[in-house]
Structure formats: C-alpha cells, structure tokens
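Asks: Have a look at this one before I ask anything.
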Amino acid sequence: MAGIRIISGFAGSRTIRVPGSGTRPTSDRVREALFSALEARDVIAGAEVLDLYAGSGSLGLECASRGAAVVTLVDRGSEAAKLCRDNARIVTSAAPRGAAPRITVHAKSVAAYLSAATVPSDLVFIDPPYDLPEAELTANLAALVGLVTDDGLVLVERSSRSPEPTLPAALEVLRKSTYGETVVWWITPV
C-alpha cells in the first residue's frame, strides 16, 4: 500500500497511507497549489471541513494539520474508511497537547451523508472518481445548498476533460484552476 505525505502544519512530513486501488489521490503538486491558495485566503484555521469521496482523507487531514477545528471524512468504501480512521490517528497523534482537531469518518455514500447532514461547513472538498456520472455530482452539489457557510468554499476536483459542474442557483463558480489533467472548480454560495 502506497503512501503520501502531509505537506505542512503540525503533522507536516508525516506519511499517510492510500488505498491500493479504486482511488485517485490528489497529486502533491495539486495539493501544494490548492493549500497555498487556501492559506492565502485564510480559510483553514478554525474551519469546519468536509471531505467527500475522501479516499485516504488526504485533503481533509491536510486541513487538520493546518489548524482546521473539525474535519469530517466521507467515503462509502470500507477499505477507504478504515484507512481514513488510521490516517486520522497518525495526524492527531502529531497535534500539540490539547489542540487536536476533531476528526470523524463516515463509511457511507456521499448522498446518504448529505441527506442527513445538518451542520454547515466552511470548506468542502468533492474529489470523486473521474468516472462519477455528472448527474451524481450535480445531485451532490444541490444537496450541499444550506450546508456551506455564507462565506464558505466548495472545491470540486475533476478531470480536465470533464464539463463544468452543473450548479444549483444558490452556488456559483468563483474560479477554475487547471493542473495538467486535473481541474479544480472553486465554488461559493451566491
């Protein structure tokens, strides 16, 4: 089983594991660029973060290492959910005494999680498999309405060959960042 590193924060340089198959971890290059931009916007410290299609949990756990208060990892795959729990322990074990973020893992589908969610998040990552049907992504984005704080961000990672996500009227594209085969859509409430 391969590993990737947490880039920065109290768990910086710690290695977390990634599933052997069935996931597509975000590359170091893309994660470094994303987190540099997020820190420039000062949206991580103290934030409630939701990482959907979490895989290894690398995006949410990077936020935890950089000062997010609460991180929720959601992945329906049992192997991925187990890895997320193991990786969360690696990250929290590196936290300064009394300053560990609250990290929870939900082994359920994104649709099931969002249908029951009630607490709004400041930062949401949607990093599904590239073959996720566009209709499912559209349904996920519609389900997020009311679950993102007014000044929150939703980051959707897709293949550069995928179309722009179809958004509900309550959300709008802020910007698009392209990194080779990967595109990240920055979305915010209207």
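Asks: Just wondering, is there one or more residues in region 148-160 that are open to solvent by 70 Å² or more (accessible area, probe 1.4 Å), over 20 Å from residue 50 (Cβ atoms) and not in a strand (DSSP E or B)? First the steps, then the outcome.
Replies: So in region 148-160, the residues open to solvent by 70 Å² or more (accessible area, probe 1.4 Å) come out as 150-151.
Those left that are additionally over 20 Å from residue 50 (Cβ atoms): none.
Within region 148-160, not a single residue is open to solvent by 70 Å² or more (accessible area, probe 1.4 Å), over 20 Å from residue 50 (Cβ atoms) and not in a strand (DSSP E or B).
Asks: If you check residue 145 against the conditions, is it within 25 Å of residue 46 (Cα to Cα) and outside any loop (DSSP other than H, G, I, E, B)?
Replies: no
Asks: Only one of (1) out of contact with any Lys or Arg (no Cβ under 7 Å at 6 or more places or on another chain); (2) surrounded by fewer than 18 Cβ atoms within 10 Å (Cβ to Cβ); (3) under 15 Å from residue 90 (Cβ atoms) fails for residue 36. Which number is that?
Replies: Against the list (1) out of contact with any Lys or Arg (no Cβ under 7 Å at 6 or more places or on another chain); (2) surrounded by fewer than 18 Cβ atoms within 10 Å (Cβ to Cβ); (3) under 15 Å from residue 90 (Cβ atoms), residue 36 comes up short only on (3).
Asks: Do we find a residue being under 24 Å from residue 36 (Cα atoms), over 14 Å from the mean Cα position of the chain (by Cα), open to solvent by less than 20 Å² (accessible area, probe 1.4 Å) and at pLDDT 95 or above anywhere in region 74-85? Reasoning before the result, please.
Replies: Step one: filter region 74-85 for residues under 24 Å from residue 36 (Cα atoms), giving 74, 84.
Next, only the ones that are over 14 Å from the mean Cα position of the chain (by Cα) stay: none.
Within region 74-85, none of the residues are under 24 Å from residue 36 (Cα atoms), over 14 Å from the mean Cα position of the chain (by Cα), open to solvent by less than 20 Å² (accessible area, probe 1.4 Å) and at pLDDT 95 or above.
Asks: Evaluate region 160-170: report whether one residue or more is in contact (Cβ under 8 Å) with a residue 24 or more places away in the chain and among the charged types (D, E, K, R).
Replies: To start, the set of residues in region 160-170 that are in contact (Cβ under 8 Å) with a residue 24 or more places away in the chain comprises 162-163, 165-168, 170.
Then drop every residue that is not among the charged types (D, E, K, R), which leaves none.
Scanning region 160-170, I find no residue that is in contact (Cβ under 8 Å) with a residue 24 or more places away in the chain and among the charged types (D, E, K, R), so the answer is no.
Asks: Which residues, counting only those in region 1-27, are more than 15 Å from residue 82 (Cα to Cα) and either open to solvent by 70 Å² or more (accessible area, probe 1.4 Å) or modelled with pLDDT of 80 or more (or both)?
Replies: 4, 5, 6, 7, 8, 9, 10, 11, 12, 13, 14, 15
Asks: Still on this structure, please answer the following. For the structure I just gave you, tell me whether residue 120 is touching a strand residue (DSSP E or B) at 6+ places or on another chain (Cβ under 6 Å) and either surrounded by 18 or more Cβ atoms within 10 Å (Cβ to Cβ) or of a type outside the set (Phe, Trp, Tyr) (or both).
Replies: Numbers: touching a strand residue (DSSP E or B) at 6+ places or on another chain (Cβ under 6 Å): yes; either surrounded by 18 or more Cβ atoms within 10 Å (Cβ to Cβ) or of a type outside the set (Phe, Trp, Tyr) (or both): yes.
So residue 120 passes the test.
Asks: Confirm whether residue 165 is closer than 25 Å to residue 8 by Cβ and touching a strand residue (DSSP E or B) at 6+ places or on another chain (Cβ under 9 Å). It would help to see each step written out before you state the result.
Replies: On the way: closer than 25 Å to residue 8 by Cβ: no; touching a strand residue (DSSP E or B) at 6+ places or on another chain (Cβ under 9 Å): yes.
No, not satisfied.
Asks: Here's another thing I want to ask about it. Against the conditions (1) assigned to a strand (DSSP E or B); (2) under 27 Å from residue 144 (Cα atoms); (3) more than 12 Å from the chain's Cα centre (by Cα), where does residue 39 fall short? Just the number, please.
Replies: (1)
Asks: Can you work out which of the residues in region 113-148 that are among the polar types (S, T, N, Q) and in contact (Cβ under 8 Å) with a residue 60 or more places away in the chain is farthest from residue 67 (Cα to Cα)? Please lay out each step first, then the result.
Replies: Residues of region 113-148 among the polar types (S, T, N, Q): 115, 118, 121, 138, 140.
Subset that is in contact (Cβ under 8 Å) with a residue 60 or more places away in the chain: 121, 140.
On the way: 121: 15, 140: 26 Å.
If we take residues in region 113-148 being among the polar types (S, T, N, Q) and in contact (Cβ under 8 Å) with a residue 60 or more places away in the chain, then 140 is farthest from residue 67 (Cα to Cα).
Asks: Being farther than 20 Å from residue 26 by Cα and of a type in the set (A, V, I, L, M) is the filter; apply it to region 161-190 and report the residue that is surrounded by the fewest Cβ atoms within 10 Å (Cβ to Cβ).
Replies: Step one: of region 161-190, the residues farther than 20 Å from residue 26 by Cα are 166-174, 188-190.
Still in the list and also of a type in the set (A, V, I, L, M): 167, 169-171, 173-174, 190.
Details: 167: 19, 169: 8, 170: 13, 171: 18, 173: 14, 174: 12, 190: 10.
Restricting to residues being farther than 20 Å from residue 26 by Cα and of a type in the set (A, V, I, L, M), the top hit is 169.
Asks: Working carefully through the options 103, 44, find the one that is buried (at least 24 other Cβ atoms within 10 Å of the Cβ) and within 19 Å of residue 12 (Cα to Cα). Full working, then the answer.
Replies: Working: 44 fails: buried (at least 24 other Cβ atoms within 10 Å of the Cβ).
After ruling out the rest, the residue left standing is 103.
Asks: From 88, 135, 69, 142, which residue is at pLDDT 95 or above, open to solvent by 70 Å² or more (accessible area, probe 1.4 Å) and of a type in the set (A, V, I, L, M, F, W, C)? Show your work before the answer.
Replies: Values: 88 fails: open to solvent by 70 Å² or more (accessible area, probe 1.4 Å); 69 fails: open to solvent by 70 Å² or more (accessible area, probe 1.4 Å); 142 fails: open to solvent by 70 Å² or more (accessible area, probe 1.4 Å).
Among 88, 135, 69, 142, only 135 is at pLDDT 95 or above, open to solvent by 70 Å² or more (accessible area, probe 1.4 Å) and of a type in the set (A, V, I, L, M, F, W, C).
Asks: Answer with yes or no whether residue 30 is in contact with a Gly (Cβ under 7 Å, 6 or more places away or on another chain) and either open to solvent by 50 Å² or more (accessible area, probe 1.4 Å) or modelled with pLDDT under 90 (or both).
Replies: Numbers: in contact with a Gly (Cβ under 7 Å, 6 or more places away or on another chain): no; either open to solvent by 50 Å² or more (accessible area, probe 1.4 Å) or modelled with pLDDT under 90 (or both): yes.
Spelling it out, it is not the case that residue 30 is in contact with a Gly (Cβ under 7 Å, 6 or more places away or on another chain) and either open to solvent by 50 Å² or more (accessible area, probe 1.4 Å) or modelled with pLDDT under 90 (or both).
The values are calculated or read from the model by the stated rules, or taken from the named source; none is laboratory data. Bear in mind the structure is a predicted one, so any value in this text is a computation, not a measurement. For neighbour counting, all protein chains shown are included, and Cβ atoms are generated from backbone atoms with ideal geometry for every residue, glycine included. Quick note on the areas: whole protein, heavy atoms, side chains included, nothing else; ligands and nucleic acids left out. Shrake-Rupley method; radii C 1.70, N 1.55, O 1.52, S 1.80 Å.
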